[in-house]
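The values are calculated or read from the model by the stated rules, or taken from the named source; none is laboratory data. Owing to the predicted nature of the structure, the values given are computational and were not obtained by experimental measurement. Cβ placement follows ideal geometry from the backbone for every residue including glycine, while neighbour counts extend to all protein chains displayed. These area figures cover heavy atoms from the full protein model, side chains too; ligands, DNA and RNA do not enter into them. Shrake-Rupley method; radii C 1.70, N 1.55, O 1.52, S 1.80 Å.
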Amino acid sequence: MAEGMLTFSPDDRYNAFLRTVSPARYGEGRLRGIPVAIKDNISTAGIETTCGSRILSGYVPPYDATVVSLLKKEGAAIVGKTNMDEFGMGSTTENSAFGPTKNPRDETRVPGGSSGGSAAAVAAGLVPLALGTDTGGSIRCPAAFCGIVGLKPTYGRVSRYGLVAYANSLEQIGPMAADVAHANLLMSVIAGHDPKDSTSLDAPYSHTPSMEIRGTRIGIPEEFFGEGVDPRVASVVWDAISLLERKGAEIITCRMPSMAYALAAYYVTCMSEASSNLARYDGVRYGPPADVRKPWHEAFQERRREGFGLEVRRRIMIGTFALSSGYYGKYYAKAQAARRNVREDFGRLFAEVDVIAGPTMPTVAFRFGEKSDPLAMYLSDILTVPANLAGVPAISVPCGKVEGLPVGLQIMGRWMEDERVIDVAYAYEQGANP
Amino acid sequence: MNVIVGLEIHCQLDTKTKLFCGCSTDYRTDGPNTHVCPVCLGLPGSLPVLNRKAVEYALRVAKALHCTVPEESVFSRKNYFYPDLNKGFQITQYDKPLAVSGYLDIEGDEGEKRVRITRVHMEEDPGRLVHKGGADRPRYSLVDYNRAGIPLIEIVTEPDLRSPREARRFLNKLRATLEYLGVFDSEKEGSLRVDANISIEGSERVEIKNITSYKGVEKALTFEVTRQKNALRRGQKIVRETRHFVEARGVTTSARSKEMEQDYRYFPEPDLCPLRVADWVDGIVLPELPDARRQRFMDQYGLSLIHARTLTGDLRLAEFYEKVAGTDPALAATWVADTLLGELNYRDMSISSVPPDVFSGLLSLVRARVITDRNGVDVLRVLLDELKEKGTCESPEACAERLGLRALPADSAGGDDPVTKAAREALAENPRAVEDYRNGRKEALNFLVGQVMRKTRGCAKPADVNRVLASLLGEGA
Ligand SMILES: [Zn+2]
């Protein structure tokens with residue numbers, strides 16, 4: 001019996017899923033019959049894919065993203081599409097056009113974002129595995145807030161073909177799971193070269209996690225424990241780092257001066273790219289059609305005004321401004337220069353240490369509405385965006401709690417050393433839960 | 001008042017597949033939206049993968065135009081909204097083009113001239129709008145994405161051209177060069193589009209957008225020269241603006257000034273890696289190009305410069321000529337360049353619709369004097385009409401036979417051949433001319449030759465008529 005059908009009827013009181021598939025077809029392979037949830041910005045043939053946006057409601061892709069094909073090839077059952085901040089723009093999943101997702105650890109709080117639906121689905125035990133996407137922390141933030149494991153792979157290690165673009169040069173699809181071993185398994189299925197993605201690397205991922213970290217040098221940048229980081233969170237993370245030291249790792253404090261510009265470089269880059277990526281949603285091809293009785297430019301404007309949410313419109317407008325002639329040099333070009341600085345900082349540090357560790361998020365999960373000021377929301381990404389700017393792998397692994405809410409330990413590695421990042425996270429996880 | 005013209009030429013590269021996906025480029029005879037996939041439809045999540053062949057083709061052009069290929073070139077996004085634009089941006093090259101600083105030598109208004117090429121870059125064609133319910137006030141428009149993603153190169157010249165005629169000559173030379181390179185098919189509809197910048201020295205520059213035919217470029221520029229010169233004579237200022245060429249009326253009209261303000265917000269395409277192909281250029285072996293072939297035609301076939309230039313000005317024509325040159329290249333050159341081209345033009349036909357063996361057959365008949373030159377032209381006309389109508393034609397022999405255009409024999413011993421008979425009749429009917437001739441008025445002979453030709457419906461060879469008449473007139477003396 002090569003194929004089968006899986007009935008999937010989760011008790012989704014958290015609004016983790018935008019839609020579920022039941023029964024879900026599955027086949028032979030390493031993930032035979034395992035239910036996997038897919039973030040709604042990853043194309044699934046025959047299953048509506050909205051990116052949490054009204055402007056894409058009703059859009060059913062005619063093709064599978066490469067990662068979805070790979071999952072099917074290994075026998076996984078694609079059981080549903082998970083909620084997210086519209087087009088990935090947010091850190092709470094409150095920006096979904098289809099209502100927020102609740103954090104299964106505390107339903108009065110956000111699950112983080114933008115892959116909040118995937119994180120909640122795993123944390124609530126609805127699925128063992130889920131795919132998220134990470135542009136500036138969108139896998140790691142909800143993983144930390146919901147108390148699960150989330151890996152942002154090295155840029156290029158997982159194909160982006162079929163991932164609806166928000167900020168192409170920053171984002172990666174990555175695994176989310178309850179523990180490191182499962183994240184590692186999912187990573188081994190989705191990673192590898194894809195000729196359909198010109199930025200894809202030819203580096204298959206086949207790894208068995210090892211908890212042996214003796215002699216591993218772990219860099220701790222001062223900036224990761226600076227202003228804005230909740231001291232209670234910092235303290236939990238320091239405890240985790242001490243555990244790694246006891247396991248034989250060498251702890252080296254260091255500095256990352258480029259952190260001062262990282263957030264600005266990140267937001268200018270992602271908003272600029274987004275303003276271009278989202279131009280195709282004009283009412284001609286997707287979602288509710290543009291009003292054909294009006295001149296096309298008026299109809300486009302109307303469709304876009306009504307179809308996009310507030311945060312998306314804000315980012316499109318800022319991105320459009322940053323790319324406009326006369327401002328390009330001041331914003332976009334400068335952001336790219338700052339990005340090079342971040343990369344150089346990582347390069348310098350990685351000459352002396354093997355991984356860099358710190359908190360994933362400066363605080364625990366917010367209450368709903370707590371970050372209504374967009375700037376306050378942007379600031380919460382400060383610890384996750386450097387890895388995206390540099391294209392290096394980074395993982396968030398649960399490392400304790402503050403007032404009952406999960407805290408994530410973030411471990412960043414050298415370019416292409418996803419395996420080492422997994423090992424350090426695994427060593428912590430196994431050490432903390434013997 | 002000096003005219004200054006620069007051109008931006010967009011040509012579709014004749015690759016088998018599109019620039020960023022595997023869809024076929026052979027869409028012209030198929031229904032709308034049949035040559036599409038997630039990539040060229042710009043579906044969410046799809047990613048471009050650069051067509052290696054298209055890069056090779058573009059590099060061939062760069063090399064033939066003597067350009068420098070920089071170490072690195074970059075694809076950028078040109079952002080604007082339009083219903084035919086699948087992604088809301090076009091992937092093109094901006095500040096780091098594929099090739100820069102080349103030139104092309106042309107036959108200018110004052111002899112051989114070097115036109116500098118600023119840059120050559122690659123980009124994708126957008127889709128196409130099909131307007132329904134009248135061109136002027138369409139009721140609605142449909143979008144066809146078959147064309148979306150067809151590889152284009154844009155070739156930009158320096159403002160080195162000095163007249164509309166020079167601009168046309170440049171275009172013809174460029175077209176020939178691209179066709180010799182095997183990267184372009186000028187016969188495909190919409191395969192070439194031109195934007196022209198034109199100014200009268202000392203005043204503002206006007207851009208004429210989207211001229212879609214070779215003849216259109218010269219027409220549009222000629223109209224602009226007149227318009228601008230007249231305006232200046234009346235003391236008006238030329239406004240810097242974009243104008244559209246209305247092909248049907250042969251005029252340019254002012255486009256809304258809004259288009260001038262368009263800010264394309266270029267930035268590097270994050271889904272494609274920078275292109276590093278400078279070292280491919282050395283490996284490219286260029287085929288024989290128009291100038292070289294022109295020289296060879298003069299050397300190998302002994303052609304005049306004018307014939308050689310005409311015959312090499314178009315790849316298909318040059319190839320056609322080489323197929324029919326045969327044993328009498330001079331005769332073939334005259335027939336192709338002076339006769340056939342004019343007849344084709346008159347019928348709006350292309351050289352590719354003429355089977356070379358049919359034309360060779362005709363040349364053999366003429367060369368063997370089976371038909372006269374004049375009747376050869378008549379046979380050619382009939383054959384071309386047949387080709388135009390049904391794509392095939394009878395053989396030249398059959399045609400000449402059917403029309404009774406075979407040259408008449410004039411050498412029977414008994415004097416009963418048709419030419420001698422006609423000559424006898426002509427002499428008998430025109431005693432005055434005979435007398436005039438005998439009285440020394442030699443031009444009377446021309447009159448008699450004409451009479452014989454008329455009686456033989458042009459099927460007598462002029463040399464035969466002269467000989468027979470001379471002989472008959474001599475007998476009677
Ligand atoms: Zn295609």
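Taken along the Cα-to-beta-carbon direction at a fixed 7 Å, the label points for B:LEU305 and B:GLU425 span 5.0 nm. Within the range B:24-48, the residues that become at least 40 Å² less accessible when every protein chain is included than when their own chain is isolated (1.4 Å probe; DNA, RNA and ligands ignored) are B:PRO38, B:LEU43, B:PRO44, B:GLY45, B:LEU47. Out of all Cα-Cα pairs in the range B:418-475, roughly what percent, to the nearest whole number, are more than 14 Å apart? Value for the range B:418-475: 45 percent of Cα pairs lie more than 14 Å apart.
Annotation for the A:B interface, with buried accessible surface near 2700 Å², both sides summed [1.4 Å probe; non-protein components not counted]. With a Förster radius of 41 Å applied to the C-beta separation of A:SER69 and A:ALA333, the computed FRET efficiency comes to 0.65.
For B:LEU289 and A:GLU302, what does the FRET efficiency come to when R0 = 41 Å and r is the distance between their Cβ atoms, rounded to the nearest 0.05? Efficiency at R0 = 41 Å is approximately 0.15.
If R0 is 25 Å, the Cβ-Cβ spacing of B:ASP105 and B:LYS229 corresponds to a FRET efficiency of close to 0.30. For the pair the range B:414-460 / the range B:181-221, the C-alpha centres are spaced 57 Å from each other. Given a 1.4 Å probe and the protein chains as shown, B:TRP280 ends up with an accessible area of around 70 Å².
Among A:ALA167, A:ALA264, A:ALA37, the largest mean-square fluctuation in a Gaussian network model of chain A, built with springs joining Cα atoms closer than 10 Å, belongs to A:ALA264. For the range B:258-298, accessible area lost to neighbouring protein chains reaches 50 Å² or more, against the chain alone with a 1.4 Å probe, at B:ASP263, B:ARG265, B:PHE267, B:PRO270, B:ASP271. Mean partner shielding of peptide B:73-85, defined as the number of other chain Cβ atoms within 10 Å of each residue Cβ, is 3. Within the accessible area of chain A, the carbon and sulfur atoms contribute 53%, probe 1.4 Å, all protein chains present. Simple spin-label estimate for B:TYR80 and B:LYS237 gives 2.5 nm between the two label positions (7 Å along the Cα-to-Cβ direction from each Cα). Note that the range B:202-211 has calculated 3J(HN,Hα) couplings of x, 10, 5, 9, 10, 9, 9, 9, 6, 8 Hz, one per residue in order, obtained from phi through the Karplus relation 6.51 cos²θ - 1.76 cosθ + 1.60 (θ = phi - 60°); glycine and proline are x. Less than 5 angstrom separates the built amide H of A:SER138 from those of A:SER114, all sequence-distant by 5 or more or on a different chain. Run the numbers on the range A:56-90: which residues show a drop of 40 Å² or more in accessible area, chain on its own versus all protein chains together, using a 1.4 Å probe over heavy atoms? Relative to the lone chain, where solvent access is computed with a 1.4 Å probe, the range A:56-90 loses at least 40 Å² at A:TYR63.
Shielding by partners for peptide A:163-170, expressed as the average number of C-beta atoms from other protein chains within 10 Å of each residue's C-beta, is 3. Considering only A:SER96, A:SER276, A:SER43, the mean-square fluctuation computed in a Gaussian network model of chain A, springs between alpha carbons under 10 angstrom, is largest for A:SER276. Probing with 1.4 Å while keeping every protein chain in the model, the per residue accessible area of chain B equals 47 Å².
Spin-label pair B:ARG28-B:ALA278: with each label point 7 Å from Cα along the Cα-Cβ axis, the two points sit 3.8 nm from one another. A Gaussian network model of chain A, with springs between Cα atoms under 10 Å, assigns the largest mean-square fluctuation among A:THR108, A:THR92, A:THR20 to A:THR108.
Taking each DSSP H run with n ≥ 4 as -39500 (n - 2.57) and averaging over every residue of the protein assembly as shown yields -11000 deg cm²/dmol at 222 nm. In the context of the full set of protein chains, chain A has a per residue accessible area of 35 Å² (1.4 Å probe). Once all protein chains are placed together, A:LYS72 keeps about 100 Å² accessible to a 1.4 angstrom probe. Against the criterion of solvent-accessible heavy-atom surface with a 1.4 angstrom probe, A:ARG214, B:ARG175 sort, most first, into A:ARG214, B:ARG175.
Solvent-accessible surface (1.4 Å probe) assigned to A:MET416 amounts to roughly 50 Å². Counted by Cβ distance under 12 Å from B:GLY283, the other residues give a net charge of -1, where Lys and Arg count +1 and Asp and Glu count -1. Take each residue in A:278-291, count the other chain C-beta atoms within 10 Å of its C-beta, and the mean is 4.
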